[in-house]
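Asker: Below is one structure. I have some questions about it.
The values are calculated or read from the model by the stated rules, or taken from the named source; none is laboratory data. The shown structure was predicted, so the numbers you read here are calculated from the model rather than taken from an experiment. Positions of Cβ are backbone-derived with ideal geometry, glycine not excepted, and every protein chain shown enters the neighbour counts.
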Amino acid sequence: MATHKLLLLPGDGIGPEVMAEVKRLIDWLNAKGLASFETEQGLVGGSAYDAHQVSITEETMATAKAADVIIFGAVGGPKWDSVPYEARPEAGLLRLRKELGLFGNLRPAVCYPALADASSLKREAVEGLDIMIVRELTGGVYFGEPKTITDLGNGQKRAIDTQVYDTYEIERIARVAFDLARKRRNKVTSMEKRNVMKSGVLWNEVVTQVHVREYKDVTLEHQLADSGGMNLVKSPKQFDVIVTDNLFGDMLSDIAAMLTGSLGMLPSASLGEIDSKTKKRRALYEPVHGSAPDIAGKGLANPIAMIASFGMALRYSFDMGALADKLDAAIAAVLASGLRTADIKSEGTIAASTTQMGEAILGELQKLHA
Ligand code: IPM
Ligand code: MN
């Protein structure tokens, strides 16, 4: 059995608590001989800043580049509000994404049947929801230059962020979306703002060309990102795969998370280009939620997004789709049994701590394997 190298970066806030539940799963898989994972742990974000005054050290970057995958918790918190901009906790995550070339961010929003009432939307709107947001992750306004604040000298300052996309960046993310759609319900919705942004005009043009050239069998539609956001809360089940840029994808995926009941439910995979020789791709797996400093250390965090992110690693990096399916089934079974962390608690359900939720999911997985 191949041994896979995992770098665990728990980060800040609830990151370490939810990561501990993934560690529990990894230890069990190793002990059972179902997989062979070697894990290393590192600091990122505020915890790295406290120890080394940077959001990620060169050593950790090197370990990340050598690892098969990175499992990432969450970064940030008010404690680091006044650290220099370059050393803010989020910079560590952005550096990992950029330097590892993790341009393809998959954010699946699935509404588990037991949670249809936890969403702020009506049950009919979200029951059975299964959509995939494909967010471009290494370009656009998050990384474009110039990115500056200049003092204009007249009591005014000017802030500039640059939205920039090249053809190849749009082509490769479009392919990720079309390939995924072929394995799902064969539909892609591309979202941009071509009515006001040049980058939107090019985005629309390039996605259309890739479709005509390579993916005619897939249904493609275009929506403006603002009305796309509206449609996400009006009738989310119209979507299969949504492909969009870095900024819109960040916002739309938080909206999609709430359709599933809680931000604590949404996993993600960030994937690089497939190496033509090794056929491998760099990858980082992280929950979409943040570090939630307000509930950190209290055992209140929902570990499902983190555990499901590890499930995505099994599926997309290690070709262990059957095991990933079982993990998803274990999550669904635990939810069906009525166990709930605070974020998804509703009347008549049973309160569970982070650890109890993690243990229950592992318990279900063990049953499925018995
Ligand atoms: C996300 C987060 C990050 C982002 C932050 C932490 C830099 O919000 O992954 O959605 O903005 O991309
Ligand atoms: Mn976000």
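Asker: Any residue in segment 283-310 that's under 22 Å from Met251 (Cβ atoms): show its pairings with residues that are modelled with pLDDT under 95 and away from ligand 2 (no atom under 15 Å from the Cβ) at Cβ separation under 6 Å, as long as the two are six or more apart or on different chains.
Answerer: Asn302/Asp343
Asker: Then there's this: Working carefully through the options Ser253, Ser270, find the one that is buried (at least 21 other Cβ atoms within 10 Å of the Cβ), within 16 Å of ligand 2 (Cβ to nearest atom) and assigned to a helix (DSSP H, G or I). Write out each step before concluding.
Answerer: Details: Ser270 fails: assigned to a helix (DSSP H, G or I).
Testing whether each residue is buried (at least 21 other Cβ atoms within 10 Å of the Cβ), within 16 Å of ligand 2 (Cβ to nearest atom) and assigned to a helix (DSSP H, G or I) leaves just Ser253.
Asker: Just to be sure before I move on: is Met258 in a helix (DSSP H, G or I), within 16 Å of ligand 1 (Cβ to nearest atom), modelled with pLDDT under 95 and closer than 21 Å to Met306 by Cα in the structure I sent?
Answerer: On the way: in a helix (DSSP H, G or I): yes; within 16 Å of ligand 1 (Cβ to nearest atom): yes; modelled with pLDDT under 95: yes; closer than 21 Å to Met306 by Cα: yes.
Answer is yes for this residue.
Asker: Kindly indicate which of Leu339, Leu362 is crowded, with 16+ Cβ neighbours inside 10 Å, in contact with a strand residue (DSSP E or B) (Cβ under 7 Å, 6 or more places away or on another chain) and within 24 Å of Gly297 (Cβ to Cβ). It would help to see each step written out before you state the result.
Answerer: On the way: Leu362 fails: in contact with a strand residue (DSSP E or B) (Cβ under 7 Å, 6 or more places away or on another chain).
That would be Leu339, the only listed residue that is crowded, with 16+ Cβ neighbours inside 10 Å, in contact with a strand residue (DSSP E or B) (Cβ under 7 Å, 6 or more places away or on another chain) and within 24 Å of Gly297 (Cβ to Cβ).
Asker: For segment 230-250, name all the residues that are within 14 Å of ligand 2 (Cβ to nearest atom) and not in a strand (DSSP E or B).
Answerer: Taking segment 230-250 first, the residues within 14 Å of ligand 2 (Cβ to nearest atom) are 244-250.
Hits for segment 230-250 are Asp245, Asn246, Leu247, Phe248, Gly249, Asp250.
Asker: Then there is this: Identify the single condition in (1) without any contact (Cβ under 8 Å) to a residue 60 or more places away in the chain; (2) under 20 Å from Asp130 (Cβ atoms) that Val206 does not satisfy, given that it satisfies every other one.
Answerer: (2)
Asker: Here is a follow-up. If we scan segment 236-252, do we find a residue that is more than 16 Å from ligand 1 (Cβ to nearest atom), of a type in the set (D, E, K, R) and at pLDDT 95 or above?
Answerer: Taking every residue of segment 236-252 in turn, at least one turns out to be more than 16 Å from ligand 1 (Cβ to nearest atom), of a type in the set (D, E, K, R) and at pLDDT 95 or above.
Asker: Can you tell me which residue is surrounded by the most Cβ atoms within 10 Å (Cβ to Cβ) among those in segment 65-83 that are among the hydrophobic types (A, V, I, L, M, F, W, C) and closer than 18 Å to Pro287 by Cα?
Answerer: Going through segment 65-83, the residues among the hydrophobic types (A, V, I, L, M, F, W, C) turn out to be 66-67, 69-72, 74-75, 80, 83.
Keeping just the survivors that are closer than 18 Å to Pro287 by Cα gives 69-72, 74-75.
Values: Val69: 28, Ile70: 26, Ile71: 25, Phe72: 28, Ala74: 32, Val75: 30.
Among residues in segment 65-83 that are among the hydrophobic types (A, V, I, L, M, F, W, C) and closer than 18 Å to Pro287 by Cα, the one surrounded by the most Cβ atoms within 10 Å (Cβ to Cβ) is Ala74.
Each row is one residue, and each column tells you yes or no for (1) in a loop (DSSP other than H, G, I, E, B); (2) away from ligand 1 (no atom under 16 Å from the Cβ); (3) among the β-branched types (Val, Ile, Thr); (4) over 18 Å from the mean Cα position of the chain (by Cα).
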residue	(1), (2), (3), (4)
Ser276	yes, yes, no, yes
Lys279	yes, yes, no, yes
Leu284	no, no, no, no
Gly297	yes, yes, no, yes
Leu300	yes, yes, no, yes
Ala305	no, no, no, no
Ser309	no, no, no, no
Leu314	no, yes, no, no
Ala330	no, yes, no, yes
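Asker: Give the number of residues within segment 121-159 that are more than 23 Å from Leu252 (Cα to Cα), assigned to a strand (DSSP E or B) and not charged (D, E, K, R).
Answerer: 5
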